[in-house]
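Every read-out reported here was derived from the displayed coordinates using simple, explicitly stated rules and does not represent laboratory data. Since the model is a prediction, treat every value here as computed from it, not as a measurement. Note that we place each Cβ from the backbone using ideal geometry, even for glycine, and neighbour counts take in every protein chain shown.
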Amino acid sequence: GVEVQTDYIPLLNSLAMYGWQLTCVLPTPIVKTNREGNLSTKQIVFLQRPSLPQKAKKKESKVNNL
């Protein structure tokens, strides 16, 4: 009779626009009870995004032109 609810979708959709991807969710031992008796837990969310290729720096191109 336990139902688990998460609300990661809005967070993931907003960060996906910038290339972030969910890699891992770790539960923590922190548990809280609200007035209705519902339990909530804290979780650590890990995100990553691919590294972008670095553009050549302008200073390096100036040195090559001299």
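Between Tyr18 and Lys42, what's the calculated FRET efficiency when r is the beta-carbon distance and R0 is 30 Å? Round to 0.05.
FRET efficiency, Tyr18 to Lys42: 0.80.
What are the ³J(HN,Hα) values, in whole Hz, obtained from phi via the Karplus relation 6.51 cos²θ - 1.76 cosθ + 1.60 with θ = phi - 60°, for each residue of the range 16-25 in sequence order, with x given for Gly and Pro?
With coefficients 6.51, -1.76 and 1.60, one gets 4, 4, 9, x, 6, 10, 6, 10, 6, 10 Hz.
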